[in-house]
Amino acid sequence: MLVNLKEILTPAYAEHYAVGSFNCYSYETFRGVIAAGEETGTPVIAAFGAAYLANMSLETAHAIVASLAKEASVPVCFHLDHCSDMHVIYRAIKAGFGSVMYDGSMLPFAENVANTRTVCQVAHACGVSVEAELGSLAVGADSHEGRAEDVEQYTDPQAAREFVDSTEVDALAVSIGTVHGLYKGNPDIRTDILEEIHRAVDVPLVLHGGSGTPEDDLHACIARGIAKINVNTEISSAVVAQTAELLTSEKPHYSVLSLRQTDYVKTAVKKYIGIFGHS
Ligand SMILES: [Zn+2]
């Protein structure tokens, strides 16, 4: 069944587990993510980023998710990942997304607040949830999401409180040391800053850059208010590596390759679901 982000995150935040948000851009990724949720009895977030509009339109992506989610017994949230263009956000709401992420993290604070508040007013009127971001993540290797010019800037806990109060956002993405893409050195996750943010605001927090983050760090984050964890790079890397390996020994029919790749996605997603701890 399709639900909005708030419906998925409210119980996760209250019961201290995190829901995985997995980037999708093809039939295989949507199907693999939802199948992983179904097989584990776990809610999932199928995320579609504006970066993948060349792969399929918002409307096509929604048609696929809506059809697959209808067959699933677990809650599925169809979410628009990182979007700084309010026109694309409104098109996504019209297309049927259950959640949108307005990313104004590169803007001055007051402008980020004003735009996020406007997006929240429109989205909430349509029953759609909103995630926003404060602070900015560094970019690691192989990032398909972060921009090279992004400079790491930790989220300020007091600014986070003011931001949440002024915008009525449903979930807040924070910058505490994770990176988009894979880490270049050893991760240094600032759970001390996260704890302060968690004390300052009362909405579910979101961790971007789940790929490659050590399991212990993920658990420490979940204990401090993180209820949504984004994973992109590691799923893609796993599928590409397994496909490359398969093709060294077999040259399957393309239809069979599609099934295998769906399975690779599902397996990689299930690994994260196991770490995030829904029971
Ligand atoms: Zn992100």
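No lab work stands behind these numbers, since they all come straight from the coordinates. As the structure is a computational prediction, the values presented were derived from the model and not from experiment. Cβ placement follows ideal geometry from the backbone for every residue including glycine, while neighbour counts extend to all protein chains displayed.
Using C-alpha pairs under 8 Å with a sequence gap of at least 6, the mean separation divided by the residue count of region 1-145 gives a relative contact order of 24 percent.
Using a cutoff of 8 angstrom between alpha carbon atoms and counting only pairs six or more residues apart, the relative contact order for region 2-276 works out to 21 percent. Under the convention that each Lys and Arg Cβ holds +1 and each Asp and Glu Cβ holds -1, the size of the dipole of the chain around its Cα centre is about 740 debye.
Among Ala268, Ala66, Ala244, the largest mean-square fluctuation in a Gaussian network model of the chain (Cα springs under 10 Å) belongs to Ala244.
Each of Ser258 and Ser67 was given a label point 7 Å from its Cα along the Cα-to-Cβ line. The distance between the two points is 1.0 nm.
The GNM of the chain, with springs linking C-alpha atoms under 10 angstrom apart, assigns the highest mean-square fluctuation among Thr248, Thr60, Thr178 to Thr248. Normalised by residue count, region 192-262 yields a Cα convex hull volume of 94 Å³ per residue.
Convex hull volume of the Cα atoms of region 116-217, normalised per residue: 109 Å³. The mean of 1/r over all distinct Cα pairs in region 1-120, once inverted, gives the Kirkwood hydrodynamic radius of 14.7 Å.
Ordering Cys126, Cys24 by the number of other Cβ atoms within 10 Å of each residue's own Cβ, fewest first, gives Cys126, Cys24.
The label-point distance for Ala159 and Lys251, in a model that sets each label 7 Å from Cα toward Cβ, rounds to 5.6 nm. Provide, for q = 0.10, 0.18 Å⁻¹, the log10 of I(q)/I(0) from a solvent-free Debye sum over equal Cα point scatterers in region 133-279. Rounded to two decimals, the profile gives -0.41, -1.02. Taking all C-alpha pairs of region 172-216, those more than 11 Å from each other amount to 67 percent.
Computed from backbone phi, the HN-Hα couplings of region 10-25 come to 4, x, 4, 5, 6, 9, 6, 10, 10, 9, x, 10, 10, 6, 10, 8 Hz, rounded to whole numbers (Karplus: 6.51 cos²θ - 1.76 cosθ + 1.60, θ = phi - 60°; Gly and Pro given as x).
Considering all C-alpha pairs of region 43-197, those separated by over 20 Å amount to 53%. Considering helices alone, the calculated mean residue ellipticity of the chain at 222 nm is -15500 deg cm²/dmol, with DSSP H runs of length four and up weighted by -39500 (n - 2.57) and normalised per residue.
State the answer as a single residue: which of His124, Asn230, Ser249 lies farthest towards the positive end of the charge dipole of the chain, with beta carbon charges of +1 for Lys and Arg and -1 for Asp and Glu, about the Cα centre. Among His124, Asn230, Ser249, the one farthest towards the positive end of the dipole of the chain is Ser249.
When both region 42-62 and region 189-268 are represented by their alpha-carbon centers, they are found 16 Å apart.
Considering the chain at the alpha-carbon level, its Rg and Dmax are found to be 17.7, 57 Å. Per-residue extension of 0.36 nm, minus the Cα-Cα distance of His124 and Asp192, leaves a gain of 21.3 nm for this segment. What the Cβ-Cβ distance of Ala114 and Ala244 gives, at R0 = 41 Å and to the nearest 0.05, is a FRET efficiency of 0.30. For the chain, modelled as a GNM whose springs connect Cα atoms under 10 angstrom apart, the maximal fluctuation among Lys184, Lys266, Lys251 occurs at Lys251.
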